[in-house]
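**Student:** Here it is: the structure, laid out below.
The values are calculated or read from the model by the stated rules, or taken from the named source; none is laboratory data. All values derive from a computational prediction rather than experimental measurement. Positions of Cβ are backbone-derived with ideal geometry, glycine not excepted, and every protein chain shown enters the neighbour counts. Accessible surface is based on the protein model in full, side chains and every heavy atom, while ligands, DNA and RNA are left aside. Shrake-Rupley method; radii C 1.70, N 1.55, O 1.52, S 1.80 Å.
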Amino acid sequence: MLVVIKGAGDLASGIAVRLAHCGFQIVMTDLDKPTSIRRTVCFSEAIRNGSYRVEDVTGTLAASLREIPAILARKEVAVLVDPEANCVSELLPDAVVDAILAKRNLGTRIDDAPIVIGVGPGFTAGADCHAVVETQRGHNLGRVITTGSAAPNSGIPGNISGFTTERILRAPCDGIFTEVHHIGDTVEKGEIVATVEGQPIQAQIRGTIRGLLPTGTIVCSGMKSGDVDPRCCMDNCYTVSDKARAVGGGVLEAILMLREANHVSENG
């Protein structure tokens, strides 16, 4: 079963890992210059490096649609520079998963594939997709929604060890991002983690840098640029998060449920 996942950031990559473990063939699409924060667990890194491994699954950059079959035959995830996901009309996948996490629908339609799943807010099951998977932390994280929408974006990052907005590093101005520290480093409160055009970005709490944009990224003022994890666990920097794993489970449930419903419908 072929699944196209729109987006190759950390949540999309967590979804891809769960589906790959279950034997699905996966193609992921993203920008030519990805802006993933938790890039050590993102298949978008294959765009910068040619290939990238998230846990035990390898993603490989496909320079064109012609290269995809060989990548899938090796049981790898094919990663394609295709921000508009134009490949969907060529590949005719069994399922499309919109995991861009834009908090709004950027063009996904319910007729894109036999199974279309929206991840997070911005989608309405039954209108622009067949099912929505909840991404808001809490009791309903990973829940499959077949009527209605996910909870609206609260604008508040998930609570980790009592910290929410304090965890997030944001660009102080427009310009070029430059790393001072790197993912996996432990920093103290007030320490400079990165700069933009010489202006410092300081850690607001003590913790391990779990996510950080790469040097050279063009950012705008206020743009999310990094994430400090107060748990100070190095493994968290290199493994799929609990949230991504839960959302991935929800997507898997939705695909299997909708595939079964389609099968029953086709066979009367």
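**Student:** Report, largest value first, the span of the C-alpha coordinates of region 187-268 along each principal axis, in whole Å.
**Tutor:** Here the Cα extents, ordered largest to smallest, are 65, 29, 17 Å.
**Student:** About its Cα centre, how strong a charge dipole does the chain have in debye, to the nearest 20, once Lys and Arg get +1 and Asp and Glu get -1 at the Cβ?
**Tutor:** So the dipole magnitude of the chain works out to roughly 460 debye.
**Student:** Quick one: which residues, 5+ away or cross-chain, put their amide H under 5 Å from the amide H of S225? H built at 1.01 Å from N.
**Tutor:** L169, R170, A171
**Student:** How far, in nm, would the chain grow between S221 and T124 when pulled straight, counting 0.36 nm per residue and subtracting the alpha carbon separation?
**Tutor:** Answer, rounded to one decimal: 31.8 nm.
**Student:** Relative contact order, percent, of the chain when contacts are C-alpha pairs under 8 Å separated by at least 6 residues?
**Tutor:** It rounds to 19 percent for the chain.
**Student:** Rounded, prolate or oblate: which one fits region 152-224, using the alpha carbon gyration tensor with axes a ≥ b ≥ c (rounded when a/c is under 1.5, else prolate when a/b beats b/c, else oblate)?
**Tutor:** oblate
**Student:** Would you mind getting the accessible area per residue of region 64-113, heavy atoms of the protein chains only, 1.4 Å probe, in Å²?
**Tutor:** 56 Å²
**Student:** Given the C-alpha centroids of region 4-47 and region 175-204, what is the distance between them in whole angstrom?
**Tutor:** 26 Å
**Student:** What is the packing order of peptides 223-233, 93-103, taking the mean over residues of other C-beta atoms within 10 Å and listing the highest first?
**Tutor:** 93-103, 223-233
**Student:** For region 68-75, just list the computed ³J(HN,Hα) in residue order, Karplus coefficients 6.51, -1.76 and 1.60, θ = phi - 60°, integers in Hz, with x standing in for Gly and Pro.
**Tutor:** Ordered by residue, 3J(HN,Hα) equals 4, x, 5, 5, 5, 5, 7, 6 Hz.
**Student:** While we're looking at this one, here's another question. When the Karplus curve 6.51 cos²θ - 1.76 cosθ + 1.60 is applied with θ = phi - 60°, which whole-Hz ³J(HN,Hα) does each residue of region 159-173 get, with x for Gly and Pro?
**Tutor:** Running phi through 6.51 cos²θ - 1.76 cosθ + 1.60 with θ = phi - 60° gives 6, 10, 6, x, 10, 10, 5, 5, 6, 8, 9, 10, 5, x, 6 Hz.
**Student:** GluC sites (Glu not before Pro) within region 64-149: which are DSSP loop residues with at most 10 other Cβ atoms inside 10 Å?
**Tutor:** Sparse-neighbourhood loop GluC sites (Glu not before Pro): E84.
**Student:** So with the 1.4 Å probe, I'd like the accessible area per residue for region 144-247, rounded to whole Å².
**Tutor:** Details: 4880 Å² over 104 residues.
With all protein chains present, region 144-247 gives 47 Å² per residue.
**Student:** Still on this model: Please report the orientation-averaged projected area of the chain, defined via the convex hull of its C-alpha atoms, in nm².
**Tutor:** With the hull built on Cα positions only, its mean projection is 13.8 nm².
**Student:** How would you order 16-29, 36-49 from highest to lowest mean count of nearby Cβ atoms within 10 Å?
**Tutor:** Top of the packing list down: 36-49, 16-29.
**Student:** Using only DSSP helix segments of four residues or longer, with each worth -39500 (n - 2.57), what per-residue ellipticity at 222 nm results for the chain after dividing by its residue count and rounding to 500?
**Tutor:** Per the formula, -6000 deg cm²/dmol.
**Student:** Using a 1.4 angstrom probe on heavy atoms only, work out the carbon and sulfur share of the accessible area of region 1-54 in %.
**Tutor:** Accessible surface attributable to carbon and sulfur in region 1-54 totals 41 percent.
**Student:** Also, I was wondering about something else. Out of residues 5 or more away from G207 or on other chains, whose amide H comes under 5 Å of its own, with H placed 1.01 Å from N in the peptide plane?
**Tutor:** Distant-sequence amide H within range of G207: V187.
**Student:** Against the empirical 2.2 N^0.38 Å scaling, what ratio does the C-alpha Rg of region 1-152 come to?
**Tutor:** For region 1-152, the normalised Cα radius of gyration comes out at 0.96.
**Student:** Ignoring ligands, DNA and RNA, please state the percent of accessible area on region 55-189 from carbon and sulfur, probe 1.4 Å.
**Tutor:** 50 percent
**Student:** Whole number please: convex hull volume per residue of the Cα set in region 74-136, in Å³?
**Tutor:** Convex hull volume per residue, Cα atoms: 101 Å³.
**Student:** Could you tell me how many degrees, from 0 to 90 and to the nearest 10, lie between the Cα long axis of helix 242-266 and the main elongation axis, the longest principal axis, of the Cα atoms of the chain?
**Tutor:** Approximately 10 degrees, to the nearest ten.
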